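> I'd like to ask some things about the structure below.
The values are calculated or read from the model by the stated rules, or taken from the named source; none is laboratory data. All figures in this text were calculated on a predicted structure; none of them were measured in a lab. Cβ sites come from the backbone with ideal geometry, for glycine too, and all protein chains shown count toward neighbours. Areas reflect the complete protein model, heavy atoms only, side chains present, ligands, DNA and RNA absent. Shrake-Rupley method; radii C 1.70, N 1.55, O 1.52, S 1.80 Å.
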Amino acid sequence: MAIDSDEVRSAADELLDASAHDPLDTMRHSAAHVMAAAVLELFPEAKLGIGPAIRDGFYYDFDLPRALTPTDLEALEERMSAQVAADLVFERSELDRDGSLDMLRGQGQDYKVEIIRDLPPEQSERVSFYRHGEFIDLCRGPHVASTGRLGPFKLLSSAGAYWRGDEKRPMLQRIYGTVWESQEDLDRYLWRLEEARKRDHRRLGRDLDLFTFHPESPAAPFWHPRGMALFRALEDWSLQVRREGGFHEVRTPSLVRKELWEQSGHWELYQDNMFVLDDYGHPSGAKPMNCPQEILIYKTRLRSYRELPLRFADYSVLMRKEVTGALSGMFRVRQLVQDDSHVFCREDQIAEEVNLALRLVQRQYAPFGFEPRFKLATRPEKRLGSDEFWHMAEGKLREALEANGLPYEVDSGGAAFYAPKIDVFIDDALGREWQLATVQLDYQLPQRFDLEYRAADGGFERPVIIHYAIYGSFERFTGIITEHYAGAFPFWLAPLQVMVVPIADRHIEYAGRVRDALAAAGLRAEVDDRSERMQAKLRDAQEQKLPVMVVVGDRDQAAGAVSPRLRTGESRQGVPLDEFVDGLRGRAEVRELWPYADEAGDGADEAATAAS
């Protein structure tokens, strides 16, 4: 039962405010304290939330009397620089629980008081604080020796953030910053941030006419015609890979009554993330995932061991009630579609089926130029099942990874409480890591639903379910590849592959015949028949990042030819139409990166160099 959830920070973690195990994490956490001290200098009445080190930087949450401005961030940077120049020592001290509460109440730091109150007694008998200069903060540390040990830093932005991620709690202001060991490292990171802004999928989605978001349906993308062409290209490839893997496509209902969700465990564990409504007196939920419904298909009749493995692919629409503060364009939405895979198999088929899943993962990612990395998530401290079970299940996954010759890391303790899993990661053109597929064994749902199959000896056995979605959700994957390619999609994937540009009105009819020939070959083409100059049309097509533009004039029309230009700047004259169409069809069918891989103008090479 693969349930996505936001990382929950415990009160003890909030005391630490950083998973600070390496020097850079320690420096970033120290920078968060320096920033908090600067905020109190600027806003003495500010109330402090938490301030962890995060990947590539740090943040701190504040309850402030007014909204922050860019000028405020500049003023805070100046005050932070003064603290660094003063080289103030970080000093650790301890107080007992009552003394800590009294001090924090006296300072008016209500959020810190709440953190200590929520600690179990054994963790709050002695509470640690860190002081530098006049600033003191509840914290377990560690910190650098003094403020002068901080490297070059930059405050980046501010945003709203609910206290403890709960939309029913106060909205605080979160200030993000970054700090690095050298100015060169900081400059490289700031360049990557700027490049990421240029590639922001929300802007590109709008500018390239792919998708938009509207307040009338929050966090649900509106797919435009070109966006749907991209969606279908992704879907067609995913379904082809599934068919090669022996999957059968199914579709299941979106609205399902409470009883099914209770049996699956979602009503108890996931209800806060479900849209719950009344179906004529029956409490029901819009489905956040497909697994329980596919189980009902499995249970429509008694299955034989000969039928297994039974592989289902379900691309139905899902709904998840994500909190407003967690939403982020296509990366976190409330309506989504997954390339969902569920395999019902016998115990002795697990290694073979995981082996197949890993092959399909590599095959599906190959046309995007992604090189997947694998992590084996092993038994957590709190878990269901015996050590023998975990040893067996982890061994099956390890066996599949090694059978495929795949290097992998071990994420010790990173599994779900009910079974181990393999997580799959990729890096994009900016060197950002994305976790995509998860191949997960599930022994709990078969037990909850009392699934059976008739074994070879005539008795009954319980199957195992293997869950995986290779893209994850189409929405999130679309956001990732839009930014990865900076909107300049490879030819096979481009929403519009060819723009036919007639030089003059007398060439429009022939341009239409060229478009029709391309369409007959399964290619996506349009004619730009606007009353604009040819150069303006080509410039617009270039700005739309279209991979191929075709100019047709008198000589092309007379010869039944075309004059293609690539967005990379290459061009040819007088190519016979049939030859041109066949060449493009071949490139689309093999799903190669052309012309993206050789481009020099979209920042891919520069991004890769900076990321390294």
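> I'd like the full set of residues that are farther than 16 Å from Q349 by Cα, open to solvent by less than 10 Å² (accessible area, probe 1.4 Å) and in a helix (DSSP H, G or I), limited to segment 443-471.
Passing the criteria: only L445.
> Which condition number in (1) under 19 Å from E134 (Cα atoms); (2) open to solvent by 50 Å² or more (accessible area, probe 1.4 Å) is the one that F62 fails?
Failing condition for F62: (2).
> What are the pairs, 6+ residues apart or on separate chains, where a residue within segment 295-310 that is open to solvent by 20 Å² or more (accessible area, probe 1.4 Å) has its Cβ under 6 Å from a residue that is part of a loop (DSSP other than H, G, I, E, B) and at pLDDT 95 or above?
Once the first residue is open to solvent by 20 Å² or more (accessible area, probe 1.4 Å) and sits in segment 295-310, its partners that are part of a loop (DSSP other than H, G, I, E, B) and at pLDDT 95 or above give Y305/A455; Y305/A456.
> Okay, next question. Can E45 be described as of a type in the set (D, E, K, R), over 29 Å from the mean Cα position of the chain (by Cα) and closer than 26 Å to S182 by Cβ?
Working: of a type in the set (D, E, K, R): yes; over 29 Å from the mean Cα position of the chain (by Cα): yes; closer than 26 Å to S182 by Cβ: no.
In short, no.
> Do we have any residue at all in segment 332-343 that's more than 22 Å from the chain's Cα centre (by Cα) and farther than 30 Å from P490 by Cα?
Keep residues of segment 332-343 that are more than 22 Å from the chain's Cα centre (by Cα), which gives 343.
Filter again for farther than 30 Å from P490 by Cα, leaving 343.
For segment 332-343, residues more than 22 Å from the chain's Cα centre (by Cα) and farther than 30 Å from P490 by Cα: present.
> Quick check on segment 543-587: of everything there that is touching a Phe, Trp or Tyr at 6+ places or on another chain (Cβ under 7 Å) and open to solvent by 20 Å² or more (accessible area, probe 1.4 Å), which residue is nearest to D516 (Cα to Cα)?
Q557
> What are the residues in segment 75-86 that are of a type outside the set (A, V, I, L, M) and either free of Cβ contacts under 8 Å to residues at least 40 places away in the same chain or not in a helix (DSSP H, G or I) (or both), if any?
First, the residues of segment 75-86 that are of a type outside the set (A, V, I, L, M): 77-79, 81, 83.
Residues satisfying the conditions are E78, S81.
Listed here are the residues, each with its yes/no results for (1) touching a strand residue (DSSP E or B) at 6+ places or on another chain (Cβ under 7 Å); (2) over 30 Å from R591 (Cα atoms).
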| site | (1), (2) |
| --- | --- |
| D166 | no, yes |
| R199 | no, no |
| F211 | yes, no |
| G227 | yes, no |
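> If a residue must be free of Cβ contacts under 8 Å to residues at least 40 places away in the same chain, assigned to a helix (DSSP H, G or I) and farther than 13 Å from D56 by Cβ, how many such residues does segment 164-197 contain?
Counting residues in segment 164-197 that are free of Cβ contacts under 8 Å to residues at least 40 places away in the same chain, assigned to a helix (DSSP H, G or I) and farther than 13 Å from D56 by Cβ gives 5.
> Now a separate question. Is it the case that E526 is assigned to a helix (DSSP H, G or I), of a type outside the set (A, V, I, L, M), at pLDDT 95 or above and open to solvent by 70 Å² or more (accessible area, probe 1.4 Å)? Before you say what the answer is, go through the steps one by one.
Values: assigned to a helix (DSSP H, G or I): no; of a type outside the set (A, V, I, L, M): yes; at pLDDT 95 or above: yes; open to solvent by 70 Å² or more (accessible area, probe 1.4 Å): yes.
So E526 does not fit the description; no.
> Something else now. Could you check segment 393-419 and list, in sequence order, the residues that are among the aliphatic types (A, V, I, L, M) and open to solvent by 60 Å² or more (accessible area, probe 1.4 Å)?
Initial filter on segment 393-419 (among the aliphatic types (A, V, I, L, M)): 393, 397, 400-401, 403, 406, 410, 415-416, 419.
Those that are among the aliphatic types (A, V, I, L, M) and open to solvent by 60 Å² or more (accessible area, probe 1.4 Å): A403, V410.
> Between a residue in segment 198-215 that is outside any strand (DSSP E or B) and any residue that is among the β-branched types (V, I, T) and open to solvent by less than 70 Å² (accessible area, probe 1.4 Å), which pairs come within a Cβ distance under 7 Å, given they are 6 or more apart or on different chains?
Here the result reads H201/T482; L204/T482; G205/T212; G205/T482; R206/T212, each pair linking segment 198-215 to a residue that is among the β-branched types (V, I, T) and open to solvent by less than 70 Å² (accessible area, probe 1.4 Å).
> Turning to a different aspect of this structure: Hand me the list of helices (runs of 4 or more DSSP H) wholly inside segment 87-163 holding 2 or more residues that are under 35 Å from the mean Cα position of the chain (by Cα) and surrounded by 17 or more Cβ atoms within 10 Å (Cβ to Cβ). It would help to see each step written out before you state the result.
Values: elements: 97-107, 110-118, 121-124.
Where helices (runs of 4 or more DSSP H) fall fully within segment 87-163 and carry at least 2 residues being under 35 Å from the mean Cα position of the chain (by Cα) and surrounded by 17 or more Cβ atoms within 10 Å (Cβ to Cβ), they are 110-118.
> Filter segment 367-379 down to residues that are part of a strand (DSSP E or B) and not small (G, A, S) and give me whichever is surrounded by the fewest Cβ atoms within 10 Å (Cβ to Cβ). Working first, answer last.
To start, the set of residues in segment 367-379 that are part of a strand (DSSP E or B) comprises 373-377.
Applying the additional criterion that residues be not small (G, A, S) yields 373-376.
Working: R373: 16, F374: 21, K375: 18, L376: 21.
Result: R373.
So that you can scan it fast, the table gives a plain yes or no per residue for (1) in a helix (DSSP H, G or I); (2) of a type in the set (K, R); (3) in contact with a helix residue (DSSP H, G or I) (Cβ under 7 Å, 6 or more places away or on another chain); (4) surrounded by fewer than 24 Cβ atoms within 10 Å (Cβ to Cβ):
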site: T482; (1), (2), (3), (4): yes, no, yes, no
site: F491; (1), (2), (3), (4): no, no, yes, yes
site: P495; (1), (2), (3), (4): no, no, yes, yes
site: V500; (1), (2), (3), (4): no, no, yes, no
site: A519; (1), (2), (3), (4): yes, no, no, yes
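> Follow-up question, since we're still on this one. Of the residues that sit in segment 188-205 and are in contact with a Phe, Trp or Tyr (Cβ under 9 Å, 6 or more places away or on another chain) and open to solvent by 40 Å² or more (accessible area, probe 1.4 Å), which one is nearest to G51 (Cα to Cα)? Working first, answer last.
To start, the set of residues in segment 188-205 that are in contact with a Phe, Trp or Tyr (Cβ under 9 Å, 6 or more places away or on another chain) comprises 188-189, 199, 201-202, 205.
Still in the list and also open to solvent by 40 Å² or more (accessible area, probe 1.4 Å): 188, 202.
Details: R188: 24, R202: 28 Å.
Among those residues, the one meeting the criterion is R188.
> If you scan segment 166-196, which residues turn out to be of a type in the set (F, W, Y) and modelled with pLDDT of 95 or more?
Filtering segment 166-196 down to residues of a type in the set (F, W, Y) leaves 176, 180, 189, 191.
Y176, W180 - these are the residues of segment 166-196 that are of a type in the set (F, W, Y) and modelled with pLDDT of 95 or more.
> Would you confirm, using the coordinates I've provided, whether I503 is free of Cβ contacts under 8 Å to residues at least 24 places away in the same chain and among the β-branched types (V, I, T)? Let's see the steps before the verdict.
Working: free of Cβ contacts under 8 Å to residues at least 24 places away in the same chain: no; among the β-branched types (V, I, T): yes.
Judged against the criteria, I503 is not a match.
> Which one of these does R306 not meet: (1) within 21 Å of the chain's Cα centre (by Cα); (2) modelled with pLDDT of 95 or more; (3) not aromatic (F, W, Y)?
Checking R306 against (1) within 21 Å of the chain's Cα centre (by Cα); (2) modelled with pLDDT of 95 or more; (3) not aromatic (F, W, Y), the one that fails is (1).
> Select from segment 529-538 the residues that are in a helix (DSSP H, G or I) and farther than 19 Å from P495 by Cβ and list them in ascending order.
Going residue by residue through segment 529-538, those that are in a helix (DSSP H, G or I) are 534-538.
Result: M534, Q535, A536.
> Looking at (1) within 25 Å of R169 (Cβ to Cβ); (2) touching a strand residue (DSSP E or B) at 6+ places or on another chain (Cβ under 6 Å), find the lone condition where R92 falls short.
Only one criterion is unmet by R92, namely (1).
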